[in-house]
Amino acid sequence: MAADAIQRAIETVFRMERPRLVASLARMIRDVDQAEDLAQEALLAALAEWPGSGVPRSPVAWLTAVAKRRAIDKMRREQMLERKHADMARELGEEQEGFGERMEAALDDEIGDELLALIFTACHPVIPSDARVALTLRLVGGLTTQEIARAFLSSEPTVAQRIVRAKKAIGKAGLAFEVPRGVERTRRLNSVLEVVYLIFNEGYAATAGDALVRPVLCAAAQRLGRILAGLLPDEPEVFGLLALMELQASRLAARAGSNGAFVPITQQNRARWDQLLIRRGLQALARAELLDGANGPYALQAALAACHARAVRADDVDWPRIASLYDRLKEVAPSPIVDLNRAVAYGMTFGPEAGLRLVEELAGEALLRNYPPLPAVKGDLLFRAGRRSEARPHFEAAARLTRNTREASFLLARAQACDN
């Protein structure tokens with residue numbers, strides 16, 4: 001294999017395996033910064049050795065072996081506890097034959113817990129929300145600081161500072177890199193799922209900028225969801241969230257027209273929806289329901305998305321079922337945003353005036369005060385009710401509130417249509 005091909009192979013392997021490598025090292029040395037440094041040292045060692053020796057049969061075992069050996073060297077220099085050193089030395093089998101095979105077997109046995117422990121630590125509630133997102137994308141999602149900054153329309157120094165802040169919070173709180181158990185696990189899992197869905201939502205409906213979607217964030221969130229589903233096969237809400245993301249991601253290609261303009265779901269070309277993602281989403285939803293999780297917040301939202309996915313045409317969407325699902329979601333996870341979406345479903349099921357009555361009840365909600373969808377929904381319901389002159393100012397208000405230029409253009413076009 002040519003040297004440049006080997007280098008590309010090394011970089012590809014490292015990008016794919018970096019989260020597992022960092023997870024294993026962080027659990028061993030209880031320090032994220034050192035774990036990242038050691039992983040980088042292992043990459044440099046691979047870049048130096050593999051062009052001459054070739055890519056090993058098990059690249060991740062090779063990288064982990066190098067990183068852990070260097071970790072032990074550092075611990076020796078820093079005079080770490082002799083017992084800890086002896087445990088690690090035995091784990092690595094430094095003085096015995098067959099090291100590579102045992103390392104690979106150890107990885108197969110332990111990597112699930114190690115990676116899961118890293119995810120739970122990166123998403124710990126003690127870390128500020130924006131820092132949780134950045135750290136998770138960096139450590140588990142495998143994105144570089146530059147990629148995270150570009151995806152969130154932020155600066156690299158800002159993202160880097162968030163990651164530093166997260167690591168400091170982990171150190172200050174003395175968090176152990178372990179999978180929580182019992183009640184604590186349920187509480188912490190909610191934080192993990194929240195972080196993953198925040199990442200996905202920012203990719204699916206970008207809050208600012210010139211692009212409607214940021215596929216790199218959706219892909220990172222879906223990958224995290226699939227990892228969690230593999231590591232937590234009996235958690236229904238994990239599958240509920242995975243189903244929701246897969247089903248929503250299936251529509252990404254149809255959310256924007258050829259000119260980049262926003263296309264609402266009722267007008268999308270369903271032939272452009274990704275059928276593989278729809279199948280994956282429906283399978284994940286079936287798994288969540290099989291685990292008695294049909295009434296979980298994420299599973300209910302996935303069931304809503306499934307109503308659209310199963311409809312061959314926009315006219316085939318089962319809006320009465322969507323309205324009933326929102327009734328259940330309102331009981332399980334009440335929020336003004338759920339109420340607003342429920343108003344849309346009622347407007348489609350029982351007519352625009354029914355939706356308007358529900359929207360009027362939300363007028364005083366502080367959470368929706370500067371929320372662009374509120375005036376946009378009201379404008380749409382008024383437009384469909386034939387009250388176009390009343391609809392126009394609401395579309396204009398929504399356009400002023402949004403920071404996404406594509407959404408603003410769509411809303412202004414809707415305002416202009418009120419004059420026709």
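Summary of computed values
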item: Qualifying residue in segment 277-297 (condition: within 28 Å of N190 (Cβ to Cβ) and in contact (Cβ under 8 Å) with a residue 60 or more places away in the chain); result: yes
item: Members of segment 169-210 found to be basic (K, R) and more than 17 Å from L118 (Cβ to Cβ), listed by number; result: K172, R187
item: Count - residues of segment 154-187 that are crowded, with 18+ Cβ neighbours inside 10 Å, of a type in the set (D, E, K, R) and within 30 Å of D210 (Cβ to Cβ); result: 1
item: Of all residues making up segment 308-349, the number that are in a helix (DSSP H, G or I) and farther than 25 Å from L252 by Cβ; result: 14
item: Residues of segment 41-55 classified as over 32 Å from the mean Cα position of the chain (by Cα) and either crowded, with 16+ Cβ neighbours inside 10 Å or in a helix (DSSP H, G or I) (or both), total; result: 6
item: Matching residues, segment 119-153, being surrounded by fewer than 24 Cβ atoms within 10 Å (Cβ to Cβ), in a helix (DSSP H, G or I) and not small (G, A, S); result: F120, D130, T145, Q146, E147, R150
item: Residue identified as in a helix (DSSP H, G or I), more than 21 Å from E407 (Cβ to Cβ) and either in contact with a helix residue (DSSP H, G or I) (Cβ under 9 Å, 6 or more places away or on another chain) or modelled with pLDDT of 95 or more (or both) among L217, L244; result: L244
item: In segment 157-168, the residues that are without any contact (Cβ under 8 Å) to a residue 60 or more places away in the chain and either more than 19 Å from L25 (Cα to Cα) or charged (D, E, K, R) (or both); result: P157, T158, V159, A160, Q161, R162, R165, K168
item: Single unsatisfied condition, L368 versus (1) without any contact (Cβ under 8 Å) to a residue 12 or more places away in the chain; (2) within 16 Å of T207 (Cβ to Cβ); result: (1)
item: Breaking point among (1) under 30 Å from A211 (Cβ atoms); (2) in contact with a Ser or Thr (Cβ under 9 Å, 6 or more places away or on another chain), for A151; result: (2)
item: Members of segment 262-302 found to be surrounded by 14 or more Cβ atoms within 10 Å (Cβ to Cβ) and in a loop (DSSP other than H, G, I, E, B), listed by number; result: V263, Q268, W273, D274, L291, G293, A294, N295, G296
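The values are calculated or read from the model by the stated rules, or taken from the named source; none is laboratory data. Remember, predicted model here, so these are calculated numbers, not experimental data. Heads up, the Cβs are rebuilt from the backbone with ideal geometry, glycines too, and the neighbour counts pull from every protein chain shown.
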